[in-house]
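Here is the structure we will look at, set down as structure tokens.
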Ligand code: NGQ
Ligand code: ZN
């Protein structure tokens, strides 16, 4: 069994451990039979778990940067969405595979070892299913395999174009499913589940899923113990529509009409009252925060302090991939709060005074929960299955870590500088990034370039 050690290893439950030993059996960590460094390969000074990315729309990677020019006098989330729909209309399975593989390589190099793919680009642009109805889902699965990243695939149910139940618009047709066809897709994809592929479900939003469909699909998901993701309360306009039509705010409505618990991930949940914030925290659901996309789209700021004080779980996602960097997500998560509260170290707590360590720990545990996969830690945690063998080795030669002991390493990584500190990345016991290079990055980037040039 391969054995490794680091001068210091960090994970949420135990903090920094000196001479941390990692033994790998196939794709999992096993509790080390012996302590110390005997017969083990030294990885470096600092080793940490790989990060889960809990929210991705892979195809949007290829349009990052194309929606930053003023179009209307009132550019908004909704005008961005029109640009995005236009772009989505040109993506078929081959394009999706090429774009997603490039994105997943970028994620691995940045330190993400698992991605939750919130996938709604199901059919041909005119809405007819592909010859193989799962073609687009399979393209994502193949891309994740090529890159070597763990995938939580969340086929997304999308049925209506608004709270009022209006039919899908022309450009939304390829997103749509009837409940039966949707459940068939889930069942089909679930047959290929593995340590690297978990199948969950996503409800696109309360705008897109009528109440009766919600009930049926949840019954199935809960019976199969699947992770359940939903976009919610991202925009004020959405809150207003919900109030007008359902007489409740989106989060308030969901908590009143669905058995929200730790299996759920509420993506964005930006606009909540204090009461909703505390109620959501109490459910154990994960708030899926995507700070760089939320900033890019002008969504607003999540009420982080109230939510964390109430014990709420969070994770991060790169969503539209305007940035693919856990450092940038966590930095902006904290900075947004500093800017509105005019305080510093808002996310830190009395028990964990390091802001970086607190955010990192929350992201690992919440992200693992939202992914439905045993990741985000090394050692044995009583009552939990052995974790998949994912780890990151930080660059011990970086000037960013000079003169820093372990207690300041994660803060320095998250808050200082703009050079990548992730030197090596292991996923499921195999090295996918060594010395900052992904094992297949040239080929994947060349194919990406070719595909995106042709989309222009
Ligand atoms: C999406 N993205 O599904 O890609 C959404 C926009 C919508 C973000 N919310 C579309 N960031 O919410 O209708
Ligand atoms: Zn999204």
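The values are calculated or read from the model by the stated rules, or taken from the named source; none is laboratory data. As the structure is a prediction and not an experimental result, all values here were calculated from the model. Note that we place each Cβ from the backbone using ideal geometry, even for glycine, and neighbour counts take in every protein chain shown.
Observations, loosely collected:
- Residues being within 16 Å of ligand 1 (Cβ to nearest atom), touching a residue at least 24 places away in the same chain (Cβ under 8 Å) and more than 30 Å from residue 391 (Cα to Cα) - total across segment 131-167: 9
- Pair list, Cβ < 9 Å and 6+ apart or interchain, from segment 22-33 residues that are on the phi > 0 side of the Ramachandran plot to residues that are surrounded by 18 or more Cβ atoms within 10 Å (Cβ to Cβ) and at pLDDT 95 or above: 26/389; 26/428; 26/429
- Checked across segment 107-120, the condition of being assigned to a loop (DSSP other than H, G, I, E, B) and farther than 22 Å from residue 204 by Cα holds for at least one residue.
- Residue count for segment 260-280, restricted to those that are within 19 Å of residue 154 (Cα to Cα) and assigned to a loop (DSSP other than H, G, I, E, B): 5.
- Of 81, 128, 90, all but one fail to be surrounded by fewer than 23 Cβ atoms within 10 Å (Cβ to Cβ), more than 14 Å from ligand 1 (Cβ to nearest atom) and free of Cβ contacts under 8 Å to residues at least 12 places away in the same chain; the exception is 128.
- Near pairs, Cβ below 9 angstrom, 6+ apart or cross-chain, from segment 400-426 (on the phi > 0 side of the Ramachandran plot) to any residue that is surrounded by 16 or more Cβ atoms within 10 Å (Cβ to Cβ) and outside any helix (DSSP H, G or I): 417/398
- Top-ranked residue in segment 216-240 [being at pLDDT 95 or above, in contact with a helix residue (DSSP H, G or I) (Cβ under 9 Å, 6 or more places away or on another chain) and in a helix (DSSP H, G or I); ranked as nearest to ligand 2 (Cβ to nearest atom)]: 238
- Matching residues in segment 224-256 - criterion: being under 25 Å from the mean Cα position of the chain (by Cα), under 19 Å from residue 283 (Cα atoms) and away from ligand 1 (no atom under 13 Å from the Cβ): 225, 226, 227, 228, 249, 251, 252, 253, 254, 255
- Filtered residue count, segment 416-444, keeping only those that are touching a helix residue (DSSP H, G or I) at 6+ places or on another chain (Cβ under 6 Å) and assigned to a helix (DSSP H, G or I): 2
- Long-range neighbours under 7 Å by Cβ, at least six apart or interchain, first residue within 30 Å of residue 141 (Cβ to Cβ) and free of Cβ contacts under 8 Å to residues at least 24 places away in the same chain within segment 57-73, second within 12 Å of ligand 1 (Cβ to nearest atom) and not in a loop (DSSP other than H, G, I, E, B): 67/80; 67/83
- Of all the numbered requirements in (1) surrounded by 14 or more Cβ atoms within 10 Å (Cβ to Cβ); (2) not in a loop (DSSP other than H, G, I, E, B), residue 187 misses one, and that requirement is (1).
- Some residue of segment 249-269 being over 24 Å from residue 81 (Cβ atoms), in contact (Cβ under 8 Å) with a residue 40 or more places away in the chain, in contact with a strand residue (DSSP E or B) (Cβ under 6 Å, 6 or more places away or on another chain) and more than 16 Å from ligand 2 (Cβ to nearest atom): yes
- Considered as a group, the residues in segment 302-322 that are part of a loop (DSSP other than H, G, I, E, B), on the phi < 0 side of the Ramachandran plot and surrounded by fewer than 22 Cβ atoms within 10 Å (Cβ to Cβ) include one that is nearest to ligand 1 (Cβ to nearest atom), and that residue is 322.
- Hey, residue 339 within 27 Å of residue 296 (Cβ to Cβ) and touching a residue at least 24 places away in the same chain (Cβ under 8 Å) or not: no
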